[in-house]
Amino acid sequence: MNQSFFINLLSRILLIILVAIGIGWAAFGLQQWLLSALLTLLLAGLVINLLHYQNRVNERINYFFEAIKNEDSSLAFPTHKNDKIIQKLSQNLTKVNEQIQRIKIQHHQQEQYFRALIEHVGTGILTYDERGFVIHANSAVKKLLGLEQFTHLKQLTKVDEQLAQTLPQVQQVGQKLITFNGKQGKVTISIKANSFINNDQALTLLSVQDINNELDEKELDSWMRLIRVLTHEIMNSIAPVTSLSESLSHFFRKNGHTISPEEVDEKMINTTIRGLDVIKEQGRGLIAFVESYRKLTRLPKPDKKPNRVLNLLEKMVLLNKAQHPESSIQFKLNVESPDLMIHADEKMISQVLLNLIKNSREALVETPNACIELMAGRNKNGQVEVCVKDNGPGIPNELLDEIFVPFFTTRENGNGIGLSLSRQILRLHNGSLRVRSVPHKETLFCMLFNE
C-alpha cells in the first residue's frame, strides 16, 4: 500500500508541476491567454484533487486514533471500490482495531482472573493511595478486620484506634506485627508493605495474615518443652530426697513400730546426719533452680542509651583476658565501622556478650588453635548485628531448636538459663538472638538490633 500511495501522490505532484510549466509557457511564450486561463483552472482542479486525496487519508487516520482514544469499539470504515489505496488503508486500520479489541478483551479476562485469584487466597490483600483511599481490598482482609465495606483507611478507627494509627506506618519499616481487639477478640496479624507506581499514582500494597494459630501452636510447643525440662529437673532433685527419706525412716522402724531410744547407736546417728546433709544439699539445689526461674521471668526494663559497639566489644576482650590470663584462646575483633552505634542497656547487653563468650570458651576446651571472633556491622536489612563466633565442635542440628529452651543444658554444671536469658534481653531491646552452626567448623551467635 505504501508504494501505491507514493506513486499515486508523486504522479499528482508531477502533473501539477507540468501544468504550472504549461501555464507559464502559454502565457509568456505563446501569448495564449485563453489557453493559460484554461490551464490555470486545470491546475486549481489538480491541487484540489490532491488536497482531497490527502485529506481522505488523514481523515481515516484521525478517525482511527480518535476512536482508540475514546475506547470506541464500534469503529468501521466505509469501502471505496474506486480507490484501492483508501480501501486498503481502511482494511488495515480495521484489522489493527480488531487486534486492539482482542488485546483489550484478553487484558480484561486476565484482570478478572487475577481479581478472582486475589479474592480466593487466604491472605488479606489491601491496596491504597497516598490519601488513604482503598483501591482494592479482598474479602480475606475485610473479614479479618471485620469490615463489610472498606473504602478508606479512616474506617479502621471503627475497628481499633491503635490499628488505625499503626497500619499506615508499616510502609516505613516494611514488616510489622500488630495486635488489636477485633469482633472475635484479640487478633495478631503480620503485615508486609510494598510501594509501587501505577499510572503515575503512588500506591501501597499490604499483605495481611492472621498468625494467631501459629502463635498459639508455638506457645503450646514452648510450654510443653518447658514443662518437660522443669519436670526433669524437679524429679532429679526430688527423687533422691524421697528415696533417702524412706531409707532413713527404715532405720528407726522395726516391724511397723518406732524403735526405742536405747536401740539408737552412734552409727545410725552418723548415717542419719549424712542423709540429712544430702537432703539439705538437694533442697538448696532446688531453691537455686527456682531462683533461676525467677531471674528469667523478672528481667528489669532496659535503660537504653547510645553505645559505641567497638568500645563495648573491646571491654569484653579486656575483661575476658583479665579473668583468664592463662588461656591460649585467641580473640579477634572485626567491626565494620568504629562509629557503629546501638541504642541499648550496656549492662544487659554486656551480660549477653559475657554469656556467649563463656559458652564459646567452654566449647573450645579441647580445640587446637582455639579462636573467638567478635564481629559487628549492618546486614542487608540495615539492622545492626553483633556476633560471637568460635571455631569449636559446633552444635548438632537436632539441638539447635532446644538450646534456647529454659533449663535445657548439655553440660554437667550448666543451669540452662544463659541462652534463654540472653534471648529475653534481646526481645526487651526489640531485637533477636540467632544461631548458626556448622559441626566441627564454627558456631555463630548473632544479636540483631532493630533501630
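Just one of (1) within 30 Å of Gly285 (Cα to Cα); (2) modelled with pLDDT of 85 or more fails for Ser420. It is (2). With the structure loaded, tell me whether Glu398 is modelled with pLDDT of 85 or more and of a type in the set (Asp, Glu) or whether it fails that test. Judged against the criteria, Glu398 is not a match. Determine whether Glu111 is at pLDDT 70 or above and surrounded by fewer than 12 Cβ atoms within 10 Å (Cβ to Cβ). Considered against the rule, which asks whether it is at pLDDT 70 or above and surrounded by fewer than 12 Cβ atoms within 10 Å (Cβ to Cβ), Glu111 comes out as no. Total residues in the range 303-352 satisfying the condition of being of a type in the set (A, V, I, L, M, F, W, C), over 21 Å from Ala363 (Cα atoms) and in a loop (DSSP other than H, G, I, E, B): the figure is 1.
Scanning the range 316-344 for residues that are among the basic types (Lys, Arg) and at pLDDT 90 or above gives a single hit, Lys332.
The values are calculated or read from the model by the stated rules, or taken from the named source; none is laboratory data. Keep in mind the model is a prediction, meaning the values are calculated, not measured. Virtual Cβ from ideal backbone geometry, glycine too; neighbours counted across all protein chains shown.
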